[in-house]
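Accompanying notes for the structure given below.
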Amino acid sequence: MQWTKSDMELYVLEKEYVDTLVIPLIPLYTEVDSTIVNGAFQRELNHLTTHLLEKDYRGRILLAPDYNYIAENYEEEIRRINQWIEKFNNQPAAHVFLFTFDTKWKRWEKELKGHLLWIPSMSDRNLHSSETRSYVKEQVLQMSELIKAYWE
Amino acid sequence: MSDKQRVSRRQFLNYTLTGVGGFMAAGMLAPMVRFAIDPVLKPSAAGDFQSVASVDEITNEPQRFEWIVDQVDGWYESEVQKTAWVYRTEDDEIVALSPICTHLGCTVDWGSNEEYPDQFYCPCHAGRYTKDGVNVPGTPPTAPLPLFDHKVEEGMLYLGQEQDR
């Protein structure tokens, strides 16, 4: 389910069925022009991927609002993101996944209070081409297999 | 000349006024009638059929077919990918089922659970449907999978709107 009014109305009624939380991690780069473009591309790709995942498993996966962060001080962000995850503790979300293309999180994986789903980003490609579409579909399939393994 | 054919001035005026009045009344009523029956005349955009697959491809085993429709959704106009499970029954009838689980909207798969190879299976909460799309009692879904309107023209299968059952 998405973080929209209509989905949340259904969520509050049926929340015992929705036990998985997926949080997109979106970095903010502003220093170098090329990283700005790449950051925006990552954001778009992140949305495409998580929405595709949500579409197939919308009855069990809750897609949280984006977690935006400044891609500099990860130690500080770890603290804030764990706080964010704890906020969901009063909801029946037993599995928390953090989805990102940002490599830097890998180093801090152990300290996160959720499972990190990191996949390599594509180099700057056309988002609407059929190759991108099939690449994203394939990644979503792999990710959903991983998530399903936690459900069993 | 006989008197019978003579039209008096009064009669002439009566005929003329009735005729003109009739035209005016018709002119006023026609748009009203048009407004009243307008919804009936309007072609239903939702009823559009889309070509999905060649009829030869359809087997007794449900197969997944995908197609794209344009959808205007409030603020957004977007292309939406639609999916259907299509198969042919023993009686040579084509059945096109929506893959959206009637429980909470996940996407169901045909035979993806090893224990139930001849049923539709929902990976989210183990909801099951028999081949005709009817929900198996005791599993979370409470309604059968919706059926797509379908028609066959020149060897192609066209699918329209899904209908709840």
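The values are calculated or read from the model by the stated rules, or taken from the named source; none is laboratory data. These numbers were taken from a predicted model, which means no experiment stands behind them. Cβ: placed from backbone, ideal geometry, glycine included. Neighbour counts: every protein chain shown. Surface accessibility is based on the protein's heavy atoms, side chains included, excluding ligands, DNA and RNA. Shrake-Rupley method; radii C 1.70, N 1.55, O 1.52, S 1.80 Å.
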ask   = How many angstrom separate the Cα center of the stretch A:19-43 from the Cα center of the stretch B:88-165?
value = 38
task = Return the residues of the stretch B:114-130 for which accessible area with all protein chains present is lower than in the chain on its own by 10 Å² or more; set the probe to 1.4 Å and exclude ligands, DNA and RNA.
result = B:Pro123, B:Cys124, B:His125
Net charge contributed by nearby residues that have their C-beta within less than 12 Å of A:Thr4 (K/R +1, D/E -1) = -2
query = Most fluctuating residue of B:Gly155, B:Gly21, B:Gly138 in a GNM of chain B with Cα springs under 10 Å: which is it?
reply = B:Gly21
ask   = About its Cα centre, how strong a charge dipole does chain A have in debye, to the nearest 20, once Lys and Arg get +1 and Asp and Glu get -1 at the Cβ?
value = 180
key: Relative contact order (percent, whole number), chain A, Cα cutoff 8 Å, 6+ residue spacing   = 28
key: Cα-based radius of gyration of the stretch A:51-152 once divided by 2.2 N^0.38 Å, which approximates compact folds   = 1.15
key: Cβ-Cβ FRET estimate between A:Lys104 and A:Tyr135, R0 fixed at 35 Å, reported to 0.05   = 0.95
note = Net charge near B:Phe49 (other residues with Cβ under 15 Å of its Cβ; Lys, Arg +1; Asp, Glu -1) is -4
request  = Mind checking which of A:Ile147, B:Gly138, B:Leu17 is farthest towards the positive end of the protein assembly as shown's charge dipole, using Cβ charges of +1 (Lys, Arg) and -1 (Asp, Glu) about the Cα centre?
outcome  = B:Leu17
remark   = To the nearest Å², the heavy-atom accessible area per residue of the protein assembly as shown with 1.4 Å probe amounts to 62
request  = Using a 1.4 Å probe on the heavy atoms of the protein chains only, list every residue of the stretch A:11-49 that has 10 Å² or more less accessible area in the complete assembly than in its chain alone.
outcome  = A:Glu14, A:Tyr17
task = Would you mind getting me the FRET efficiency between B:Val134 and A:Asn126? Use the beta-carbon distance for r and R0 = 41 Å, nearest 0.05.
result = 0.40
remark   = In square angstrom to the nearest 100, the accessible surface buried at the A/B interface, both sides summed with a 1.4 Å probe, amounts to 1100
request  = Could you sort out which of A:Lys87/A:Lys113; A:Lys104/A:Lys148; A:Lys55/A:Lys110 sit more than 22 Å apart by Cα distance in this structure?
outcome  = A:Lys104/A:Lys148; A:Lys55/A:Lys110
